[in-house]
Every structure is written in C-alpha cells, then in structure tokens.
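The values are calculated or read from the model by the stated rules, or taken from the named source; none is laboratory data. Computed from a predicted model, the values in this text were never measured in an experiment. Here Cβ is always computed from backbone atoms with ideal geometry, including for glycine, and neighbour counts include all displayed protein chains. What goes into the accessible areas is simple: the full protein's heavy atoms, side chains included, and nothing from ligands, DNA or RNA. Shrake-Rupley method; radii C 1.70, N 1.55, O 1.52, S 1.80 Å.
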Amino acid sequence: MSVFSAAGPLVMSRLGTVDVVNAATLEKLVLTQRVSSFLARHTDDEERVAIENVARMLAQDMSIQVRESLAFELRSCKSLPFDLAAKIATDVESVAGPFLASTEAFNDAELAGLIPQLEEHAHVTLARRSDIGIATCHAIVTVGNEKPVSFLVRNNKIVLHEQTCSTILNRFRGNETILQHMTKRVDLPLSIVEQLILLVSAEYQDILVKHYSVTETVAQQAIKAAHGDIMWQHLEHASPAQIHAYVIDLRKARRLSHDVMIEMTSRGCLPFLESVLALEAGLTLGAVRERLYGGNMVSFVGLMKEANVSKADAQRLRQMVLLHGGSSGWQAMKRPN
C-alpha cells in the first residue's frame, strides 16, 4: 500500500505538469495569432509598443512551436521593429525559413547587413526569392557558400549586376557547376560574358555565343582580353622576382607568347618584358636591362633578334619602353646621335 500511495501522487504530479505546459503553449499559440493580427492593423501608438514587446517575448520563448507560430503569423506583416524581425530571421530553420521566404519587414540594406549572421539555409531561402535586392544579392555571393550562390545564379527572376557577377567569378572561378549555371543566364554584362568565355568549356562558350550573339572572332578577342585582365590581376602588384617566376612557369606550361609579352608591356609591366627577353635570348636579367634601356639602338635591335622578336613587334616594344621606362627609374632609351 505504501508503495502505491507514494507513487500515485508522483505520477499525477508529472501528468499534471504536462497538462499545464500544454495549456500554456496553447495559450501562447493563440496569442501569436492575436499579436500578428494587431500588428498588421495598427501603427504608431502606445498600445502597439506594448504588443511589440509581447511579440519580442514570444520570439524568445523556449517552445519552438511558439516561435514557429509567431514567425509564420508575422511573415506577412510589413512593419516590424528591426530587432524583432532579426531575432526571427536568425532562429532555427523551421522558424526563420517561412518568415524569410516572404517577409517584407526588411529593406535591402537591412537584409544585406544581416546576411553574415544568417545560416546557409537562410541564404538559400533568400536566394530563391524573386524580389531579392541588389545589396542582398551581393552580400550572399560575398559570404555565402556554393549552395546559396548556385540558387542565386539559377534565379532567373532577378537581375545579377556586374559587381555581383564579378564577385562570383572571383570566388568561384574554379567551380564548374556555378560557372555553367551562369552561362545559361541571358542578362549578364558583356564584361562578365568575356570572362566566362575564358573560364568555361567549349560547350558552354557556344551557349554564351548563342545567348549574346557573340561572333567567333569577337569571342576569340574576348578570350584574349579576359586572359590579359586575369593575368594583370596577378602581376599588377607583384615584385620583379615574383614576375620572373611567373614568366618561367608560363614558359614551362607553353603559355608564353610574344602576344602576351606585348600585352603585359603595354600595361606598363616592364619586368615581364625583361624576363621574357632574358629567357628567349638566354641572357641574365642584368644584361637584358642594360641593352633594353641603355640607349644604344644597335644593342637594342640585337637583343630583339636574339629573342626572336619580329621587326614590327620590336618597334612596338620600343615605343612602350619609351612610354613606361621613365616611371621605372631606368633611363629611357633614345636613338644615339
């Protein structure tokens, strides 16, 4: 008897506690509906401030059911305090997902600023929206992983601006999946198309040519221009030693040509020219510099011949050296008297 009498109240106590919790949760679920209804109808008064505070309490409730209900009910409310909306947006997926899928409580700048605080599932939800703003797009491609960026690129209901596209190419230039998705868009800036032509396979180059009416000749020119831009990004702030090592690698990979040499020289990269001439002529860099900038035309012409540079290219290089040589600290080359 004593065993049953001792256990009985304990079991009843546990059952009673469960009943109380359920009842409290049910009351809060109903309250979320009332709060949402009020906030959707009323603006700027003292009573609204009080209701917003109730909503803040519900957004921090221990019960995920309560938070899910609040987020679902408030998803269509266009005017919400930023801290309340942000609290919901940064919650777990079942809470934040439905809210972020349709809320208009944030402006573009606010949502963009929130992106670094959001999880990947939230980035994906936003990337699939048809009304996502420019700043939010850029924030997603700046900090997001492959999955949300892929969804964003495939979202044909939005326009990807040039800066956003450039960021995608810079971060994911080795990601074939994302690059292939980009080739299927029909709204890319021409500068992005040119870069893509260089990065993707022949199959996807054909898609770009078809979408953007780029002729084969223009496509080849685009490849050349994009290649030069990408190479220049690597060389613009490099030291002469780094450039020399880069030229050596290009030569080993059989990607070094006189066209590339002229392209980099035209951009003012004289160390690139020096390295190419040194490797082609079998000379030291010091010897090349002496003959390249020393002012002796005979020596200059001899250097060009030893490096197998054509007469036309040699004339172009001479003009470039005259143009860029002064700023390098070396003596500008002049025809001897």
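Based on this model, can you work out whether T164 counts as buried (at least 21 other Cβ atoms within 10 Å of the Cβ) and at pLDDT 90 or above? Quick ask: steps written out before the conclusion?
Details: buried (at least 21 other Cβ atoms within 10 Å of the Cβ): yes; at pLDDT 90 or above: yes.
Yes; evaluated as a whole, the condition is true for this residue.
Report, by residue number, each residue of region 82-105 that is open to solvent by 30 Å² or more (accessible area, probe 1.4 Å) and either closer than 18 Å to A139 by Cα or touching a residue at least 60 places away in the same chain (Cβ under 8 Å) (or both). Before you say what the answer is, go through the steps one by one.
First, the residues of region 82-105 that are open to solvent by 30 Å² or more (accessible area, probe 1.4 Å): 82-83, 87, 90, 92-94, 98, 101-102, 104.
If the condition is that a residue be open to solvent by 30 Å² or more (accessible area, probe 1.4 Å) and either closer than 18 Å to A139 by Cα or touching a residue at least 60 places away in the same chain (Cβ under 8 Å) (or both), then T90, A101, E104 are the ones that fit.
For region 142-178, how many residues meet the condition of being free of Cβ contacts under 8 Å to residues at least 12 places away in the same chain and touching a Lys or Arg at 6+ places or on another chain (Cβ under 9 Å)?
0
Could you list, ordered by first residue, the pairs with Cβ atoms under 6 Å in which the first is in region 298-315 and without any contact (Cβ under 8 Å) to a residue 12 or more places away in the chain and the second is open to solvent by 30 Å² or more (accessible area, probe 1.4 Å), at least 6 apart or interchain?
S299/R291
Give the residue that is most open to solvent (accessible area, probe 1.4 Å), with candidates limited to residues of region 289-311 that are hydroxyl-bearing (S, T, Y) and in a helix (DSSP H, G or I). Let's see the steps before the verdict.
Our first condition is that a residue be hydroxyl-bearing (S, T, Y); within region 289-311, this holds for 293, 299, 310.
Restricting the remaining residues to those that are in a helix (DSSP H, G or I) gives 293, 299.
Numbers: Y293: 9, S299: 30 Å².
Taking the candidates together, the pick is S299.
Can you say whether G286 is free of Cβ contacts under 8 Å to residues at least 40 places away in the same chain, closer than 26 Å to H237 by Cβ and either of a type in the set (D, E) or open to solvent by 10 Å² or more (accessible area, probe 1.4 Å) (or both), as far as the supplied structure shows? First the steps, then the outcome.
Details: free of Cβ contacts under 8 Å to residues at least 40 places away in the same chain: yes; closer than 26 Å to H237 by Cβ: yes; either of a type in the set (D, E) or open to solvent by 10 Å² or more (accessible area, probe 1.4 Å) (or both): yes.
So G286 fits the description; yes.
Which one of these is in contact with a Leu (Cβ under 6 Å, 6 or more places away or on another chain) and modelled with pLDDT of 85 or more: R56, R34? Please lay out each step first, then the result.
Numbers: R34 fails: in contact with a Leu (Cβ under 6 Å, 6 or more places away or on another chain).
When all the criteria are applied, what remains is R56.
Filter region 44-53 down to the residues that are more than 16 Å from K78 (Cβ to Cβ) and either buried (at least 16 other Cβ atoms within 10 Å of the Cβ) or of a type in the set (F, W, Y) (or both) and list them by number.
As a first pass, look at region 44-53 and keep what is more than 16 Å from K78 (Cβ to Cβ): 45-47, 49-50, 53.
Once the filter is applied, which keeps residues that are more than 16 Å from K78 (Cβ to Cβ) and either buried (at least 16 other Cβ atoms within 10 Å of the Cβ) or of a type in the set (F, W, Y) (or both), region 44-53 yields nothing.
Answer with yes or no whether T284 is of a type in the set (V, I, T), modelled with pLDDT under 90 and over 24 Å from N170 (Cα atoms).
Working: of a type in the set (V, I, T): yes; modelled with pLDDT under 90: no; over 24 Å from N170 (Cα atoms): yes.
Considered against the rule, which asks whether it is of a type in the set (V, I, T), modelled with pLDDT under 90 and over 24 Å from N170 (Cα atoms), T284 comes out as no.
Among the listed residues L31, L100, which satisfies the condition of being more than 37 Å from the chain's Cα centre (by Cα) and hydrophobic (A, V, I, L, M, F, W, C)?
Criteria check complete, one pass: L31.
Quick check, is A278 modelled with pLDDT of 90 or more, surrounded by fewer than 20 Cβ atoms within 10 Å (Cβ to Cβ) and either of a type in the set (A, V, I, L, M, F, W, C) or more than 23 Å from W232 (Cβ to Cβ) (or both)? If you could, list the steps in order and put the result at the bottom.
Values: modelled with pLDDT of 90 or more: yes; surrounded by fewer than 20 Cβ atoms within 10 Å (Cβ to Cβ): no; either of a type in the set (A, V, I, L, M, F, W, C) or more than 23 Å from W232 (Cβ to Cβ) (or both): yes.
So A278 does not fit the description; no.
Just the residues that are under 21 Å from M304 (Cα atoms), in contact (Cβ under 8 Å) with a residue 12 or more places away in the chain and open to solvent by less than 50 Å² (accessible area, probe 1.4 Å), please, taken from region 234-257.
I243, H244, V247, L256
From (1) modelled with pLDDT of 70 or more; (2) closer than 26 Å to D313 by Cα; (3) part of a helix (DSSP H, G or I), pick out the condition that doesn't hold for A238.
Every listed condition holds for A238 apart from (3).
Would you confirm whether or not region 303-310 contains a residue that is of a type outside the set (S, T, N, Q), touching a Phe, Trp or Tyr at 6+ places or on another chain (Cβ under 8 Å) and at pLDDT below 95? Give the derivation first.
Residues of region 303-310 of a type outside the set (S, T, N, Q): 303-307, 309.
Narrowing the set further to residues that are touching a Phe, Trp or Tyr at 6+ places or on another chain (Cβ under 8 Å) leaves none.
No.
Select from region 246-287 the residues that are in a helix (DSSP H, G or I) and β-branched (V, I, T) and list them in ascending order. Full working, then the answer.
Filtering region 246-287 for residues in a helix (DSSP H, G or I) gives 246-252, 258-266, 270-281, 285-287.
V247, I248, V260, I262, T265, V276 - these are the residues of region 246-287 that are in a helix (DSSP H, G or I) and β-branched (V, I, T).
In region 171-223, how many residues are loosely packed, with under 12 Cβ neighbours inside 10 Å, modelled with pLDDT under 65 and part of a loop (DSSP other than H, G, I, E, B)?
The total comes to 2.
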